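Okay, structure first, notes after.
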Amino acid sequence: WTMTGGSGSASFSPGANSYNATVTVTDYGSKVFTWTVVNGPCTATSTVSVEFLEQPVANPGPGGNICGRETTLGAIPSSGSGTWSRVSGPGQISFSPGPNIPNPEVTASAYGTYILRWTETNGECSDREEITVSFLEQMSANAGNGGNECDRDFNLNAIPGTGTGTWSKITGPGNASYYPGAHDPNARVTVTQYGDYDFAWTEVNSTCTSVDIIKVVFHTPPSVTAGDDRVICRGNPTQLLAHGNGSFLWSPSQFLNNP
């Protein structure tokens, strides 16, 4: 045996004189091999062409959890041509600009878990590999209502969704603690200082995140003194003398010149 056409070199096992030798070449591509038979002064030859193709190794890249119904795939091409296809899932998959590129943008018609296949073909050689992609619906966090408090406690009132919710302080002059815990949508928050606070209710569903923020104002309770007790004769007036900050209102207002 001799290699008479093509690039690279060839080796024969167990040897070039074996009619059914195994040939190994150094380069992929088309090769021509010549079988020469010598019988005394007589010689005859015959040739055969062999196409050596590189075996593709399909690498579809990572799958994972996607927030929404669109993502970009990332196959790593090896040799030959590749094609994406849908193996299973609750809806249909579209590939843009098409399934024959390694990194198309895919859109699922319905949320859920899909198996996608990347197949590479090089002549008679092929390989395929699959990934799992879960398209998750984006939730919308609802932190409920804020408000005003005349102390340092406030009952939060988030409306829980499909994910795991957590309360956190965004702004405010003091620290905040939550009872029975920050994951309770109706937790009671206690702050260490009076003032204006913003609290965030964050919901996480795998890779999907949504945040809603409320404002709570913790007011310092007013300090008030109604004055000293006194005794007067029936029918006589007296001057009331209260002390404090803010606006005032006496009750009952009967017989007062200005409550």
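The values are calculated or read from the model by the stated rules, or taken from the named source; none is laboratory data. A quick note: this is a predicted structure, and the numbers were derived from the prediction, not measured. Because the Cβ atoms are built from the backbone with ideal geometry, glycine has one as well, and the counts that use them run over all protein chains shown. Keep in mind that these areas ignore ligands, DNA and RNA; they rest on the heavy atoms of the full protein, side chains included. Shrake-Rupley method; radii C 1.70, N 1.55, O 1.52, S 1.80 Å.
Figures for the structure shown
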item: Carbon and sulfur %, accessible surface of the chain computed with the full protein complex present, 1.4 Å; result: 50 percent
item: Surrounding net charge for C125, when Lys and Arg each add one and Asp and Glu each subtract one, Cβ distance under 12 Å; result: -4
item: Beta bridges by DSSP in the chain, antiparallel share as percent, to the nearest 5; result: 90 percent
item: Solvent-accessible area per residue, Å², over the chain with all protein chains present [probe radius 1.4 Å]; result: 62 Å²
item: Relative contact order of the range 39-120, pairs being alpha-carbon contacts under 8 Å that are 6 or more residues apart, as %; result: 32 percent
item: From phi via Karplus (6.51, -1.76, 1.60), per-residue ³J(HN,Hα) for the range 171-184 in Hz, x at Gly/Pro; result: 9, x, x, x, 8, 10, 10, 10, 10, x, x, 6, 8, 7
item: Listed candidates (i) 27.0; (ii) 19.8; (iii) 12.6 - label of the one calculated as mean projected area of the Cα convex hull in nm²; result: (i)
item: Mean Cα-pair separation over length for the chain, i.e. relative contact order, pairs under 8 Å, 6 or more apart, %; result: 12 percent
